[in-house]
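Single-structure report; data block below.
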Amino acid sequence: MIIVMQIGATDVQIQSVAQAIKDRGFDPLVLPGEGRTAIGIPASLDSDQRTLLEVQISAMDGVSKVTQTSRPYKLASREVHREDTIVKVKDLTIGGGSFVIMGGPCSVESYEQFEEAARVVKETGATILRGGAFKPRTSPYAFQGLQLEGLKIIKEIGDKTGLVTITEVMSGDMVSAVAEHVDILQIGARSMQNFPLLIEAGKSGKPVFLKRGPSATIDEFLLAAEYVLSQGNPNVILCERGIVAMDKSYTRNVLDLGSVPVLKEHSHLPVIVDPSHGTGVARYVLPLAKAAVVTGCDGLMVEMHPNPKEALSDGSQALTPAQFQNLVAEVMKLQAFVSA
Ligand code: PEP
Ligand code: MN
């Protein structure tokens, strides 16, 4: 439910409405906007509660109207929060018109490999360095990542290069350890509905990069974001990384680029596209990256390995340093054109 205050409503009127909501056992969310303030009630209300609140709050001084949110998510909704969310990480902003490129290997494999990847990322002008330390692998016999050792490598190289860093955290009990080593917590596609993990990531206050589950609907995706937001952490970044493919013989997933304008319309959160996991094939990454730019996304996540043939995970979708360099140049050119 959203209470829209009148233009020029006074602070006292706004506070009285917020207090009235608290008195009825709910947590009001005051959302100052351009011209007028809205107050959200981020809770699932039954119809009796809704009617009662609507009648009582509508009658209060300074209230323009009381409306229902039309979607099950509240804090993630643009109905509740009209302006774009801008996530600030170090000197970088994600969302609100800036465009970021995240690059790096699927897995951190050694200090030397990650240092070389970071050098390439920095040289191209991309600003965020990715690399998995804990890897969610389909097979328990596949490389599981360097784990704590990998986290230390990311931290050292992040500090040395000044690049913003991101890595995946797979369980709630690892959130604080991972948060100590990187700037952004990635929640992988397979973990999108690991609710205790979402709650811990929310509590950490760190920016959370949430990947869409392989078979998640838009509502499920935004409700997963809602778990993080409802912990008082507004720094959520959405990532479209492809959904289950009907025909896996050509691409690993179907990159759902249609989700970008939908997410941008219904949510205020930044949206990043990952054409690497979205296709699973290195030569398809550039065309899909370019297509993503035109959809109005806020950036890209792209896998790049100093030597893809030797990669311990996702080698077939990793760009070489030269291909990555070319992608960044092409994408930035296109982005300048699209945003002009
Ligand atoms: C990754 O980013 O390396 C990864 C495992 O991605 P996803 O969760 O999208 O499969
Ligand atoms: Mn990967």
- [ ] Please go through the stretch 174-212 and pick out each residue that is in a helix (DSSP H, G or I) and within 13 Å of ligand 1 (Cβ to nearest atom).
- [x] Ala189, Arg190, Ser191, Leu197
TODO: For the stretch 259-285, enumerate the residues that are away from ligand 2 (no atom under 12 Å from the Cβ) and among the charged types (D, E, K, R).
DONE: Lys264, Glu265, Arg283
Open item on the list: Any residue at all in the stretch 301-322 that's open to solvent by less than 20 Å² (accessible area, probe 1.4 Å), within 30 Å of Asp84 (Cβ to Cβ) and more than 15 Å from ligand 2 (Cβ to nearest atom)?
Closed with: no
- [ ] Give me a count of the residues in the stretch 203-232 that are in contact (Cβ under 8 Å) with a residue 24 or more places away in the chain and either over 12 Å from the mean Cα position of the chain (by Cα) or surrounded by fewer than 17 Cβ atoms within 10 Å (Cβ to Cβ) (or both).
- [x] 15
TODO: Could you identify the single residue in Arg82, Arg78 that is more than 16 Å from ligand 2 (Cβ to nearest atom), touching a residue at least 24 places away in the same chain (Cβ under 8 Å), within 22 Å of the chain's Cα centre (by Cα) and open to solvent by 70 Å² or more (accessible area, probe 1.4 Å)?
DONE: Arg82
Task: Among (1) within 20 Å of the chain's Cα centre (by Cα); (2) within 16 Å of ligand 2 (Cβ to nearest atom); (3) open to solvent by less than 40 Å² (accessible area, probe 1.4 Å); (4) hydrophobic (A, V, I, L, M, F, W, C), the one test that Leu288 misses - done: (3)
Open item on the list: Go through (1) more than 22 Å from Ser98 (Cα to Cα); (2) part of a helix (DSSP H, G or I) for Leu327 and report which single condition fails.
Closed with: (1)
TODO: Report yes if some residue within the stretch 51-68 is within 20 Å of Asp219 (Cβ to Cβ), buried (at least 19 other Cβ atoms within 10 Å of the Cβ), out of contact with any Leu (no Cβ under 6 Å at 6 or more places or on another chain) and not assigned by TED's automatic domain parsing to the domain that holds Gly97; otherwise report no.
DONE: no
Open item on the list: I need a count of the residues in the stretch 155-171 that are surrounded by fewer than 18 Cβ atoms within 10 Å (Cβ to Cβ) and either part of a loop (DSSP other than H, G, I, E, B) or within 19 Å of the chain's Cα centre (by Cα) (or both).
Closed with: 2
Open item on the list: Being in the same structural domain as Asp256 (by TED's automatic domain parsing) and in contact with a Phe, Trp or Tyr (Cβ under 8 Å, 6 or more places away or on another chain) is the requirement here; does Ile199 meet it?
Closed with: yes
Open item on the list: assigned by TED's automatic domain parsing to the domain that holds Leu146, away from ligand 2 (no atom under 16 Å from the Cβ) and surrounded by fewer than 19 Cβ atoms within 10 Å (Cβ to Cβ): is that true of Asp247 in this structure?
Closed with: yes
TODO: Search the stretch 2-49 for residues being assigned to a helix (DSSP H, G or I) and under 16 Å from Thr69 (Cβ atoms), and hand back the single one that is least open to solvent (accessible area, probe 1.4 Å).
DONE: Ile21
Task: Hits in the stretch 89-139 - residues which are open to solvent by 60 Å² or more (accessible area, probe 1.4 Å) and either touching a strand residue (DSSP E or B) at 6+ places or on another chain (Cβ under 6 Å) or not assigned by TED's automatic domain parsing to the domain that holds Gln335 (or both) - done: Lys90
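The values are calculated or read from the model by the stated rules, or taken from the named source; none is laboratory data. Here the structure is a predicted model, which is why all the values come from computation and not from measurement. A quick note on method: Cβ atoms are made from the backbone with ideal geometry, for glycine too, and the neighbour counts reach across all protein chains shown. The area values use the complete protein model at the heavy-atom level, side chains included, leaving out ligands, DNA and RNA. Shrake-Rupley method; radii C 1.70, N 1.55, O 1.52, S 1.80 Å.
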